[in-house]
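Okay, so here's the structure we're looking at.
Here, each number is a calculation from the coordinates, and none is a lab measurement. Note that the coordinates shown come from a computational prediction; the quantities given were computed from them, not determined experimentally. Positions of Cβ are generated from backbone atoms using ideal geometry, with glycine treated the same way; all protein chains shown enter the neighbour counts.
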Amino acid sequence: MRTKLLFLLLSLFSCLVSEAQTLEKMNWFNEPSDWSISDNKLSMTVTPKSDYWRISHYGFTVDDAPFYYSEYGGEFEAKVKVTGNYKIRFDQAGLMIRLDHENYIKAGIEYVDGKYNLSTVVTHHTSDWSVIALDNPIESVWIKAVRRMDAIEIFYSFDDKEYILMRNAWMEANRPVRIGMMGACPDGNGFKVTFSDFSVKHLPDTVRTKWLESNR
C-alpha cells in the first residue's frame, strides 16, 4: 500500500514539474536588442519594422519579428497574459504557435487606426487576418490556445476567468510545434510589452483516450 501511494505521489510530482514553465530555458527566434526576465515575466522592446506575414493582400513576406518559444508535441492548452504599450498602427503582441515559416498562428492585441483589436493571423503558405474591434483601450488581455487533433481554438479573456472563443483554425496534427510569445511593430520604432503567467499544459491525446475507453 505504501509503495503504491509513493508511486502515485511521485507520478503527480513528475506531472507538475513537466507542466511548470521556466522562461529562462526558452529560445529566441529573432532575438530583440532589449529584453529581460524577472519574476517569471518576459519584458521586451519589440524590434522596429518587424512582422510575420505571408503574401496575401499586401504582396510581401516577412518573418523577422521577435518570438520567444519552447517546442511541444501532442495536444495542449497554452496561455499567457499580455500587457503592451501600443502606439503606432499595427503594433501587436500575443501568443504564437508555429510549425515553420509557412505555417503559424499568432493571436493577441493589435493596434489599428487608433483602436485596440483582438487579432488572429492564420498562415498556411498565405496569411489571413481576423479582428474583433474593442470599444475601449485595455491594460491587459489573456490569450489561450487549445490544440485538439488538427484544430487549434483561440480564446481571449479580460479577467483570466471567462474565456471567449475568437477563432478555430486548422493546423497539421501529430507534429511538434513552437509555442511562445511574440511581438511585431511593422510601422513603428518599437514599443514595450510584458508577458506573464505563461503556461503550457499537456492534454491527453483525444484519439487514444477514445480508443482506451471503447476497448476496456
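Are there any pairs, at least 6 apart or on different chains, whose C-beta atoms fall under 6 Å, with the first in the stretch 53-80 and free of Cβ contacts under 8 Å to residues at least 12 places away in the same chain and the second β-branched (Val, Ile, Thr), and if so, which?
61/55
Where in the stretch 120-216 are there strands (runs of 3 or more DSSP E), lying wholly inside it, with at least 3 residues that are among the polar types (S, T, N, Q), in contact with a Ser or Thr (Cβ under 9 Å, 6 or more places away or on another chain) and surrounded by 13 or more Cβ atoms within 10 Å (Cβ to Cβ)?
Those strands (runs of 3 or more DSSP E) span 126-133.
Quick check on residue 107: is it within 22 Å of residue 25 (Cβ to Cβ) and either assigned to a strand (DSSP E or B) or not aromatic (Phe, Trp, Tyr) (or both)?
The answer is no for residue 107.
Name the single residue that is surrounded by the most Cβ atoms within 10 Å (Cβ to Cβ) among those in the stretch 39-68 being hydrophobic (A, V, I, L, M, F, W, C) and farther than 18 Å from residue 98 by Cα.
Top of the filtered list is 46.
(1) loosely packed, with under 14 Cβ neighbours inside 10 Å; (2) touching a strand residue (DSSP E or B) at 6+ places or on another chain (Cβ under 7 Å); (3) in contact (Cβ under 8 Å) with a residue 24 or more places away in the chain; (4) over 23 Å from residue 155 (Cα atoms): which one isn't true of residue 36, the others all being true?
(3)
Would you tally the residues in the stretch 157-179 being in contact (Cβ under 8 Å) with a residue 40 or more places away in the chain, under 20 Å from residue 117 (Cα atoms) and of a type outside the set (D, E, K, R)?
Total satisfying the criteria: 2.
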